[in-house]
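The values are calculated or read from the model by the stated rules, or taken from the named source; none is laboratory data. Predicted model only: the values in this text are computed from it and were never measured. Cβ sites come from the backbone with ideal geometry, for glycine too, and all protein chains shown count toward neighbours. To get the accessible areas, we keep the full protein, side chains included, count just its heavy atoms, and leave off ligands, DNA and RNA. Shrake-Rupley method; radii C 1.70, N 1.55, O 1.52, S 1.80 Å.
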Amino acid sequence: MNRTIVLVGILALTLVAATKGTTVAEVTHWELQAVDADGVGTYNATDKVIITGIVLNNPEEMLNPTPGTGYMGGEWQIYIQGEGNDHAGTAVYLGQYYAKVGGQSGSYTDEQLLSELCRINRDPNTGYTFAAGDGVKVTGWYKFYKGKINVNEQHETLPALDFEVELLEPAAGLPQPEAITLDMVKDDGDQYIFDQTRLTGCEYYQARLVRVNDVNIINPGNWTPDGTITIMDSTGRTFPVKLGIGDGFTRYDCPTGQIDVIAIFDQESSGYMVCKDGYRLWVVDYDGNGLVLTDRGHKRGNLPGDINADFKVDFIDFAEMAANWLGCAPGLCDCD
Ligand SMILES: [Ca+2]
Ligand SMILES: [Ca+2]
Ligand SMILES: [Ca+2]
């Protein structure tokens with residue numbers, strides 16, 4: 001016990017010392033996401049980085065922010081896509097139970113987590129609540145994990161390791177998803193295409209919004225929040241699609257027949273030191289439109305109380321409201 005306390009103390013002092021001479025630079029996502037031949041991130045020029053771009057997702061539709069849930073407790077993650085010729089993107093992550101990760105020392109209490117979520121969900125200068133499609137600037141530390149360099153707190157709760165999210169352009173709009181076909185990311189044998197230069201294959205699209213047209217879902221039985229379905233194209237190539245936890249995956253049935261998919265291209269490799277697999281598409285919510293697996297974000301009908309967007313207010317809407325009565329979105333409600 002004493003040894004643990006001493007070790008934690010030494011770690012804290014080390015981090016404080018490191019903070020004094022902290023180096024920071026604005027980098028492109030392209031620079032930050034450079035990899036070696038094994039797919040391991042190589043960026044190490046500064047301690048902290050500043051990145052800018054467009055937020056691709058609402059965090060609570062990707063990971064559950066509720067304190068005490070899941071292995072890592074409440075979690076928060078957004079993807080930020082680079083603009084112009086900065087053809088890359090970066091995930092920004094915060095979790096509650098860092099102490100469960102090897103070599104890490106602290107975790108957040110429920111109250112501390114909610115305070116952190118309230119802080120990073122809003123622009124510190126205006127109080128504006130961030131949403132997908134906003135232009136932002138993130139300043140923070142970073143850590144490599146299973147194929148990507150993520151901006152995070154290096155899994156420590158010390159305030160010196162906080163990251164900051166600041167608003168650059170409210171409602172800039174989501175980027176146009178880049179249309180890809182599965183033969184651009186899978187070879188003839190249906191294996192992932194890895195290219196260290198990141199100019200082709202899966203690495204080129206990592207952490208960016210893509211669109212795959214004319215595919216079908218071959219395992220609709222996996223349709224559930226946080227589930228993983230598989231799409232297949234006419235050549236027989238397949239790709240996993242991770243479903244987020246947006247309420248549409250409960251409210252609507254899995255789309256059938258030939259569909260299109262709009263998703264964040266992600267990687268979470270099977271290994272830590274060789275990271276050339278584990279690519280997947282991540283769709284965080286679905287609006288039930290039947291043709292495109294996405295949430296278009298433009299609800300029709302203009303009828304307050306029509307929760308399931310079927311253009312009438314009835315018991316189905318009431319039952320959903322009743323089931324969520326007095327619910328409070330962690331990190332968004334009751335801030336301050
Ligand atoms: Ca990668
Ligand atoms: Ca923090
Ligand atoms: Ca309705």
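How much FRET efficiency would the formula 1/(1 + (r/R0)^6) give for A329 and D188, where r is the Cβ-Cβ distance and R0 is 35 Å, rounded to 0.05? The partial results should precede the final answer.
Numbers: r = 46 Å, r/R0 = 1.31.
The pair A329/D188 has a calculated efficiency of 0.15.
An ellipsoid equivalent to the range 102-147, defined through the eigenvalues of its Cα gyration tensor, has semi-axes of 24, 18, 9 Å when rounded to whole angstrom and sorted largest first.
Which order do the peptides 51-64, 306-319 take when ranked by the mean count of other beta-carbon atoms within 10 Å per residue, highest first? Could the numbers behind the result be given before it?
Working: 51-64: 23.1, 306-319: 13.7.
Highest-to-lowest ranking by the protection proxy: 51-64, 306-319.
Phi angles of the range 258-263 translate, via the Karplus equation with coefficients 6.51, -1.76, 1.60 and θ = phi - 60°, into HN-Hα couplings of 6, 9, 10, 10, 10, 8 Hz per residue; Gly and Pro are given as x.
For the chain, which whole percent of the accessible surface, found with a 1.4 angstrom probe, sits on carbon and sulfur atoms? Let's see the in-between values first.
Working: 8860 of 16200 Å².
With neighbouring chains kept in place, the figure for the chain is 55 percent.
Calculate, for D36 and I218, the FRET efficiency according to 1/(1 + (r/R0)^6) with r their C-beta to C-beta distance and R0 35 Å; round to the nearest 0.05.
Values: r = 34 Å, r/R0 = 0.98.
Efficiency at R0 = 35 Å is approximately 0.55.
Pairs from the table (K148/K276; K48/K242; K148/K186; K242/K276; K100/K242; K143/K186) lying more than 21 angstrom apart at Cα are K48/K242; K100/K242; K143/K186.
The alpha-carbon atoms of the chain define a convex hull whose volume equals 155 cubic angstrom per residue. For the pair Y272 and T23, the difference between a 0.36 nm per residue extended length and the Cα-Cα distance amounts to 87.0 nm. Protection proxy ranking, highest mean first, for peptides 81-90, 100-109: 81-90, 100-109, where packing is the per-residue count of other beta-carbon atoms within 10 Å, averaged. Peptides 118-127, 259-268 ranked from most to least packed, by the mean per-residue count of other Cβ atoms within 10 Å: 259-268, 118-127.
Explain nothing, just the number: relative contact order of the range 30-174, from Cα pairs under 8 Å at least 6 residues apart, as a whole percent.
Numbers: 308 pairs, mean separation 38.5, N = 145.
Value for the range 30-174: 27 percent.
Placing a pseudo-label 7 Å from each Cα along the Cα-to-Cβ vector at I307 and E166 gives an inter-label distance of 4.0 nm.
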